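First the structure, in the form of structure tokens, and then the observations on it.
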């Protein structure tokens with residue numbers, strides 16, 4: 001099947017790797033199916049152009065040329081026809097290293113502005129008669145070896161070949177003809193070093209390596225990794241390092257292969273001087289303690305620098321405790337400064353050059369940031385690598401006006417082993433959140449190094465692409481870009497026909513998984529008795545599964561392997577896991593209530609547990625001919641503390657001894673008990689015509705045989721149905737209030753339920769008919785609550801020189817709202833300063849609590865927290881703040897822990913409202929906060945994870 005032209009251009013249109021192109025086939029170097037005036041046939045009648053590079057150009061260029069040849073052959077369906085003197089060709093080379101390219105540039109007066117001397121820049125341009133014997137050529141000119149390679153890989157991507165063609169089995173599209181538009185296209189990265197960290201590899205990637213490479217992460221494995229990076233126009237890698245791995249020591253060809261491909265190898269935040277952590281276990285002597293073993297450590301580190309042999313690298317400085325632990329308590333800043341000074345001396349001695357001529361980085365990870373905050377400094381040529389909190393929230397950023405020769409970087413996470421719990425199994429990163437945090441970093445001048453922990457690489461395909469695409473050109477990656485990214489990425493993998501549907505599926509499953517990461521979900525996560533939360537959550541997953549299966553039936557067979565890996569498995573497995581935990585919760589609740597159906601829910605839980613294993617089996621054995629064995633083996637079920645279990649473990653289940661005869665029981669919303677209950681009758685939460693016009697009462701059976709019952713009410717305004725029936729398992733009662741028959745105020749009615757076993761239960765039904773407040777407009781209080789999504793403001797007063805922006809889907813329930821740019825000075829709330837307005841309609845005058853729910857942004861400026869303010873009516877703005885700290889023992893640590901578990905944080909203030917119309921104002925103080933929702937409450941909220949549903953807006 002031939003894709004429409006749009007398929008070829010979608011990735012060019014929205015992915016910053018080609019940010020300057022457009023949907024117009026006349027745009028410089030655009031690749032289209034249609035013949036273009038003045039264009040060049042990249043593929044014609046099934047034959048691709050030859051790709052010509054000189055043998056004495058860089059190995060990285062030759063590798064990229066070979067990859068492009070293979071890609072074009074796959075797209076065309078056959079390789080280029082060999083010819084000693086081709087009339088048309090792709091000619092690629094590096095300025096100053098390719099005599100052919102230098103000659104063409106000189107003789108044809110090719111403009112190399114923006115390329116020559118620019119890090120990793122490249123030029124794409126159709127050239128007439130570039131040299132004798134060649135009539136026309138697509139010229140690829142690189143400023144350096146990676147620039148040329150990136151230009152070649154860019155042609156592949158424009159031809160429709162996904163960067164995930166091998167790593168996710170995305171088949172190249174087939175085209176008998178493709179044309180390159182004339183014109184000059186120049187591109188170069190904005191962030192200097194852009195890459196990934198392979199981490200926490202066992203049992204998934206580790207098991208896969210055992211199956212395919214004998215358990216060793218050797219040069220054959222890393223060739224695949226390097227190709228993935230280069231296809232994303234990335235250049236930087238922290239290699240796998242656990243259980244045990246040592247890039248330089250495991251395979252003598254690893255370093256040489258990285259150099260051939262042009263990948264900058266570095267070592268992680270806790271592996272100084274180019275030595276892997278496990279190398280100390282292999283060759284180190286004595287303690288990993290500089291105060292007691294400095295001479296041995298210096299010799300060990302010297303070996304790491306000597307081993308480089310002049311290869312390109314970024315050397316990690318500093319020192320953490322053995323095994324990525326904190327150094328000894330009370331370690332002095334002066335000691336760490338001495339360590340850095342000694343390491344730089346070693347670098348200078350080994351290289352024979354001043355230390356500043358070797359790129360270096362100091363990672364401010366975990367407790368190391370405390371040294372920085374306490375005043376420790378390293379030389380200005382060293383990159384300062386700030387870090388997130390391991391959960392996607394950046395801890396600290398520089399003053400945007402600060403400039404230093406070494407620049408700044410960020411170490412980010414899509415995967416983590418540690419508290420409050422590991423997360424390694426499935427993608428639970430919203431690209432919107434990673435984008436928002438990295439946009440914040442870019443705005444603060446973080447332009448030297450972006451590196452992200454990607455765990456096993458799979459199944460983090462979507463966020464890896466988004467992170468690396470954003471890193472290439474953060475300026476192009478604006479709000480509109482991230483809004484379109486999932487659809488564009490889906491088009492790049494599957495073509496445009498179903499891209500919109502697939503993009504929406506990707507967006508929704510990641511939003512659902514980000515509410516609470518799968519490893520953190522337990523039978524207690526989604527409430528069975530409040531707000532019908534479990535039912536709402538599962539309904540969302542069920543609708544997504546149905547949409548996924550429906551879309552999957554329309555995906556061509558050739559894309560089946562990629563579809564299962566990138567879309568179907570993440571959705572089905574994540575939905576199944578939520579169903580499993582809810583099934584366990586129902587089993588336990590129903591067993592405690594004595595319901596006969598508790599045993600059926602135990603059986604259902606076992607069925608879902610087996611379903612999880614079957615979905616994994618399909619991924620590892622059926623897809624791609626068993627290529628991805630072990631890759632979904634990370635345990636995700638059965639956590640009891642932060643560390644993962646050795647294998648998936650079904651949570652404990654309860655069984656009840658079910659009597660033969662039917663026995664009646666009653667359960668009511670908001671109460672886990674079953675009735676009749678000694679000394680207590682059931683009382684429903686208050687009914688309200690706005691927020692809760694009905695409540696749930698369920699009549700259930702404790703026995704095997706059906707049992708009859710009657711239900712009724714002597715309260716004239718209260719009706720219940722059915723009036724009588726038999727119950728085998730459970731029968732929900734329909735409760736109807738005749739609101740027109742009630743005056744305003746609070747009332748109580750009763751429902752009487754009688755079983756044929758002589759069981760009698762009387763349910764008290766409190767109702768509240770609020771004042772009408774005719775003419776008042778806004779979000780209406782219901783049952784003592786007004787819940788508002790932050791996006792639904794009625795008026796926005798923008799900050800000076802900026803705007804309020806809605807970040808789509810960034811939030812557990814809808815989206816996020818943030819002020820942009822986020823680099824301004826703190827604002828003083830009040831008057832005409834920046835704020836958002838929300839109209840409220842309140843039942844009565846009185847005191848309320850305002851809960852502002854935000855994404856868990858950390859104190860990036862080190863000012864004691866990020867602030868905002870709230871006011872209602874004419875009151876003065878009342879300050880609120882986000883105070884979270886991931887440092888164990890800090891007073892704000894528990895708040896941080898709760899925030900990353902829930903992926904949100906609510907700050908609280910108290911206010912007075914008047915009856916009827918009110919206006920709540922949410923004031924900007926510190927830029928950087930992302931507001932998700934506002935909850936105005938008169939009473940404690942019932943314990944749920946997501947909070948109340950949004951209120952009715954009148």
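The values are calculated or read from the model by the stated rules, or taken from the named source; none is laboratory data. The model shown is predicted, which means the values in this text are computed figures rather than measured ones. Cβ placement follows ideal geometry from the backbone for every residue including glycine, while neighbour counts extend to all protein chains displayed.
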Selection within the stretch 174-195 - under 28 Å from the mean Cα position of the chain (by Cα) and within 23 Å of residue 70 (Cβ to Cβ): 187
Within the stretch 132-249, strands (runs of 3 or more DSSP E) holding 3 or more residues that are under 27 Å from residue 118 (Cβ atoms): 134-142, 184-187, 193-198, 236-238
Helices (runs of 4 or more DSSP H) lying entirely in the stretch 452-526 (those with 1 or more residues that are surrounded by fewer than 23 Cβ atoms within 10 Å (Cβ to Cβ) and more than 13 Å from the chain's Cα centre (by Cα)): 479-494, 499-515
Test: residue in the stretch 69-90 that is in contact with a helix residue (DSSP H, G or I) (Cβ under 9 Å, 6 or more places away or on another chain), modelled with pLDDT of 95 or more and not in a helix (DSSP H, G or I): yes
Single condition residue 86 does not satisfy, out of (1) farther than 24 Å from residue 116 by Cβ; (2) exposed (fewer than 14 other Cβ atoms within 10 Å of the Cβ): (2)
Sole residue being in contact with a helix residue (DSSP H, G or I) (Cβ under 7 Å, 6 or more places away or on another chain), surrounded by fewer than 18 Cβ atoms within 10 Å (Cβ to Cβ) and touching a residue at least 40 places away in the same chain (Cβ under 8 Å), chosen from 809, 862: 862
Odd one out for residue 697, checked against (1) surrounded by 21 or more Cβ atoms within 10 Å (Cβ to Cβ); (2) free of Cβ contacts under 8 Å to residues at least 40 places away in the same chain: (2)
Hey, residue 337 more than 17 Å from residue 364 (Cβ to Cβ) and either in contact with a strand residue (DSSP E or B) (Cβ under 9 Å, 6 or more places away or on another chain) or part of a helix (DSSP H, G or I) (or both) or not: no
Residues of the stretch 28-56 classified as in contact with a strand residue (DSSP E or B) (Cβ under 7 Å, 6 or more places away or on another chain) and crowded, with 23+ Cβ neighbours inside 10 Å, total: 11
Residue match in the stretch 625-645 (condition: in a helix (DSSP H, G or I), within 30 Å of residue 166 (Cα to Cα) and without any contact (Cβ under 8 Å) to a residue 40 or more places away in the chain): yes
Residue in the stretch 98-108 that is at pLDDT below 95, surrounded by fewer than 19 Cβ atoms within 10 Å (Cβ to Cβ) and either part of a loop (DSSP other than H, G, I, E, B) or in contact with a helix residue (DSSP H, G or I) (Cβ under 9 Å, 6 or more places away or on another chain) (or both) present: no
Yes/no for residue 620 being under 20 Å from residue 575 (Cβ atoms) and either in contact with a strand residue (DSSP E or B) (Cβ under 7 Å, 6 or more places away or on another chain) or surrounded by fewer than 16 Cβ atoms within 10 Å (Cβ to Cβ) (or both): no
Some residue of the stretch 569-591 being in a loop (DSSP other than H, G, I, E, B) and outside the structural domain of residue 456 (by TED's automatic domain parsing): no
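Yes/no per residue for (1) closer than 19 Å to residue 817 by Cα; (2) out of contact with any strand residue (DSSP E or B) (no Cβ under 8 Å at 6 or more places or on another chain):
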{"residue": "874", "(1), (2)": "no, yes"}
{"residue": "890", "(1), (2)": "no, yes"}
{"residue": "902", "(1), (2)": "yes, yes"}
{"residue": "905", "(1), (2)": "yes, no"}
{"residue": "911", "(1), (2)": "no, no"}
{"residue": "919", "(1), (2)": "yes, no"}
{"residue": "931", "(1), (2)": "yes, no"}
{"residue": "938", "(1), (2)": "no, no"}
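Rundown of residues vs (1) under 20 Å from residue 861 (Cβ atoms); (2) crowded, with 16+ Cβ neighbours inside 10 Å; (3) in the same structural domain as residue 642 (by TED's automatic domain parsing), yes/no style:
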{"position": "874", "(1), (2), (3)": "no, no, no"}
{"position": "904", "(1), (2), (3)": "no, yes, no"}
{"position": "920", "(1), (2), (3)": "no, yes, no"}
{"position": "926", "(1), (2), (3)": "yes, yes, no"}
Test for residue 867: is it surrounded by fewer than 22 Cβ atoms within 10 Å (Cβ to Cβ), touching a residue at least 12 places away in the same chain (Cβ under 8 Å), under 18 Å from residue 845 (Cα atoms) and in contact with a strand residue (DSSP E or B) (Cβ under 6 Å, 6 or more places away or on another chain): no
Odd one out for residue 285 among (1) touching a helix residue (DSSP H, G or I) at 6+ places or on another chain (Cβ under 9 Å); (2) in contact (Cβ under 8 Å) with a residue 40 or more places away in the chain; (3) assigned to a loop (DSSP other than H, G, I, E, B): (2)
Unmet requirement for residue 774, which otherwise passes all of (1) in a strand (DSSP E or B); (2) closer than 23 Å to residue 917 by Cβ: (1)
Check on residue 543, assigned by TED's automatic domain parsing to the domain that holds residue 507, modelled with pLDDT of 95 or more and not in a helix (DSSP H, G or I): no
Where residue 758 falls short, out of the listed (1) outside any strand (DSSP E or B); (2) closer than 24 Å to residue 932 by Cβ; (3) at pLDDT 95 or above: (2)
